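Trainee: Before we start, here is the structure in question, set down as structure tokens.
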Amino acid sequence: MKFFSLNNNTPPVNFEKAVRMGLAPDRGLFFPETIKPLPDTFWDGFLQMSKEDIAFEVISQFIGDEIPELDLKQIIKETLCFDFPLVHLNDNVSTLELFQGPTMAFKDVGGRFMARCLGHFNKNNDEKVTVLVATSGDTGGAVASGFDGIQGIEVIILYPKGKVSAIQELQLTTQGKNITALEVEGTFDDCQEMVKTAFLDPSLKQYRNLTSANSINVARWLPQSFYYFFAVQDLMKKRTSVPYVFSVPSGNFGNICAGLVAHKMGLPIAHFIASTNNNDTFPRYMEAGVFSPKPSVQTISNAMDVGNPSNFERIQKLFNYDLFKLKTICSAYAFSDKETRSAMTEVYKDLNYITDPHGAVGYLGLKEYMKSHPGVQGVFLETAHPVKFLDIVEQTLKQKIEIPKQIQDIMDKKSTKKPVKSYEGLKAILVES
Ligand SMILES: *Cc1c(COP(=O)(O)O)cnc(C)c1O
């Protein structure tokens, strides 16, 4: 499969190149040349298929023969090393728990898949690759864990000092081995700026082969379509009523965009809801038809504090830049922190379930849509385990929550990080080690 740049100023490249480059040289996002519906034979056997088989059929068309079948199956098996339970909260509302992986956020799926694809492409290559990534919290942990011990790849993570949660910081700084954590004196935007500067710095080329691992990378984006299939299979097996509607807590819009790809491949989801916090660029676009990004504002669902969602371009492309068409399949709503906190309380009291702030935003979006569409079967995605936002959850619910094993395991590990103040500091590290 070839991938082309949405800025149309780069010749199309194969999957491997797209993964290695991350962003196209013309700064455009890579997009597959075709997205083919899955054949009838797939749907005939769908209810009996294992998760690994589904994932293999779904991703194959994007990879072609670039990864041999057995290797790809192994990559998928290692990616899907945890469960994706669909928890029924009442007759027509369920939550899809995407947080059972090693770092307890949905980004584990993309992080693990991408790491293994790069590892595969590097197997017969002596050149070392450095993955450079800026994180506001969850991405860094998922990438660090995904690349743990992957041969020939060094990972350098930049995070803003004092602005990630305590547990997120532990996930970033206790991995060691091929993972280095840099604590940046500044904001997430400063971290991202330093990463961009490094990519554009020609003097680094003689020292490092740099690549990125954020959600613009096709190997992190596309595997996120897997769990929409798993959830629909579960709904079908349980013979729940149709139509199925999915609400996705959204920031950079990679996750929901992967759901829309699944829909394009024929997955029977009738409607998608993009649920955001006060960073409401997409809901405003859906309302007014004008895309006007704003600087991000800080909220309690901080992984969605994105003012200019990069995957917007891909969503546009999926619907041929036709807002009317997009609206037939997607709605969008934004919610304040106050609303988010009361939703957390409501879900806890009425449905006996603890959501993290991101999942609560997803719940709110679903609830809003169901006001005018009461007959649907609704699923909201729970994108992180509540323990990742321990303070907010415990404060809001006035309730202690149990620390799961994945988190307990890292609590007394030794944390190592290097302080960085400026791009020159980052450059010194990239050049010397
Ligand atoms: C990254 C993240 C999101 C936002 O996902 P996008 O794909 O960027 O829209 C939502 N919730 C959590 C917990 C996240 O870590």
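Values in this text are rule-based calculations from the coordinates and carry no lab data. From a predicted model like this one, the values you see are computed outputs, not experimental measurements. Neighbour counts are summed over all protein chains in view; Cβ atoms, including those assigned to glycine, are modelled from backbone coordinates with ideal geometry.
Trainee: Using R₀ = 45 Å, calculate the FRET efficiency as 1/(1 + (r/R₀)^6) where r is the Cβ-Cβ separation of Asp83 and Ser422; round to 0.05.
Mentor: 0.55
Trainee: Another one. Name the residue, out of Ser247, Ser225, Ser203, whose mean-square fluctuation peaks in a Gaussian network model built on the chain with Cα pairs under 10 Å.
Mentor: So, out of Ser247, Ser225, Ser203, the one fluctuating most is Ser203.
Trainee: Same structure, new question: Choose one answer from Ile403, Ile157, Ile269: the residue with the largest mean-square fluctuation in a GNM of the chain with alpha-carbon springs under 10 Å.
Mentor: Ile403
Trainee: Give the dimensionless ratio obtained when the Cα radius of gyration of region 1-108 is divided by 2.2 N^0.38 Å.
Mentor: Compared with the compact-globule rule of thumb, region 1-108 sits at 1.31.
Trainee: Relative contact order, percent, of region 49-191 when contacts are C-alpha pairs under 8 Å separated by at least 6 residues?
Mentor: Worked out over region 49-191, it gives 18 percent.
Trainee: Before anything else, pin down the relative contact order of region 238-322: Cα pairs under 8 Å, at least 6 apart, normalised by residue count, whole percent.
Mentor: Answer for region 238-322 is 32 percent.
Trainee: Then there is this: What value, in deg cm²/dmol to 500, does the helix sum -39500 (n - 2.57) over DSSP H runs of n ≥ 4 give at 222 nm once divided by the residues of the chain?
Mentor: Taking each H run of at least 4 residues, the total per residue is -12500 deg cm²/dmol.
Trainee: If we count other beta carbons within 10 Å of each Cβ, what is the order of His385, His263, fewest first?
Mentor: His263, His385
Trainee: Something else: By counting other Cβ atoms within 10 Å of each Cβ, how are Glu52, Glu169 ranked from fewest to most?
Mentor: Ranking Glu52, Glu169 by Cβ neighbours within 10 Å, fewest first, gives Glu52, Glu169.
Trainee: For Ser336, what charge total do you get from the other residues with a beta carbon under 14 Å from its beta carbon, if Lys and Arg give +1 and Asp and Glu give -1?
Mentor: Spelling it out: positives minus negatives among the neighbours equals -3.
Trainee: Top mean-square fluctuation among Gln316, Gln233, Gln100, Gaussian network model of the chain, C-alpha springs under 10 Å?
Mentor: Answer for the Gaussian network model of the chain: Gln316.
Trainee: Further question on the same structure: Taking the Cα centre of region 290-433 as origin, work out the dipole magnitude from +1 charges on Lys and Arg Cβ and -1 charges on Asp and Glu Cβ, in debye rounded to 20.
Mentor: It comes to approximately 240 debye.
Trainee: Moving on. Would you please state which residues of region 344-367 a label at Gln395 would reach in this model, taking the label point 7 Å out along Cα→Cβ and a backbone N cut-off of under 18 Å?
Mentor: Within reach of a label on Gln395: 344-346, 355-361.
Trainee: Excluding Ala428 itself, what net charge comes from residues whose Cβ is under 14 Å from its Cβ, given Lys and Arg +1 and Asp and Glu -1?
Mentor: Local charge sum for Ala428: +1.
Trainee: Separation between the Asp40 and Leu200 pseudo-spin-labels, each 7 Å from Cα along Cα→Cβ, expressed in nm?
Mentor: Going by the 7 Å Cα→Cβ label model, 5.3 nm.
Trainee: Still on this structure, please answer the following. Mean projection of the alpha-carbon convex hull of the chain over all orientations, in nm²?
Mentor: That works out to 19.8 nm², a quarter of the Cα hull's surface.
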